[in-house]
Amino acid sequence: QVQLVESGGGLVQPGGSLRLSCVGSKMSFSAYVMGWYRQAAGKQRELVATIASGGTANYADSVKGRYTISRDNAKNTVYLQMNSLKPEDTAVYYCKADLRLVTYWGKGTLVTVSS
């Protein structure tokens, strides 16, 4: 079945950077709208960024100018470059794939921003 596997999370100091990756398998990756979501402890999961099959990207206001989503369809991979990280960016980050009414989620990768 379809699998989405995230990687790249970890501990980083405020102001630092991380790049998350999500690899999809057993799917026509290029056809999907790919997205990154996050869920902080005690809070609801929220949208971070999405990227359409053609490359059009959208961002949550809280990350605009700091995060960049990109995709490499040849590698079945979507990336999230996160710069100028803040403690409030601490969360589990999830990869999501959407195609019409079909949705898949990865299991998440933890990002902790702390000094």
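Structure data summary
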read-out	value
Enumerated strands (runs of 3 or more DSSP E) restricted to segment 32-115, each holding at least 2 residues that are within 19 Å of GLU6 (Cβ to Cβ) and touching a Lys or Arg at 6+ places or on another chain (Cβ under 8 Å)	33-39, 46-51, 77-82, 91-99, 102-105, 109-113
Scan of segment 98-109 for residues that are over 11 Å from the mean Cα position of the chain (by Cα) and either open to solvent by less than 30 Å² (accessible area, probe 1.4 Å) or in contact (Cβ under 8 Å) with a residue 60 or more places away in the chain (or both), ordered by number	ASP98, LEU99, TYR104, LYS107
Qualifying residue in segment 8-31 (condition: of a type in the set (Val, Ile, Thr), outside any strand (DSSP E or B), more than 19 Å from TYR104 (Cβ to Cβ) and in contact with a Leu (Cβ under 9 Å, 6 or more places away or on another chain))	no
Filtered residue count, segment 48-62, keeping only those that are within 18 Å of LEU101 (Cβ to Cβ) and out of contact with any helix residue (DSSP H, G or I) (no Cβ under 8 Å at 6 or more places or on another chain)	2
Filtered residue count, segment 51-97, keeping only those that are within 16 Å of GLY108 (Cα to Cα) and open to solvent by 20 Å² or more (accessible area, probe 1.4 Å)	6
Residue in segment 28-45 that is open to solvent by 70 Å² or more (accessible area, probe 1.4 Å), touching a Ser or Thr at 6+ places or on another chain (Cβ under 7 Å) and closer than 15 Å to LEU85 by Cβ present	no
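The values are calculated or read from the model by the stated rules, or taken from the named source; none is laboratory data. The structure displayed is predicted, hence computed values, not measured ones. Reconstructed Cβ throughout: ideal geometry from the backbone, glycine too, with neighbour counts over all protein chains shown. These accessible areas exclude ligands, DNA and RNA; they are computed on the full protein's heavy atoms, side chains included. Shrake-Rupley method; radii C 1.70, N 1.55, O 1.52, S 1.80 Å.
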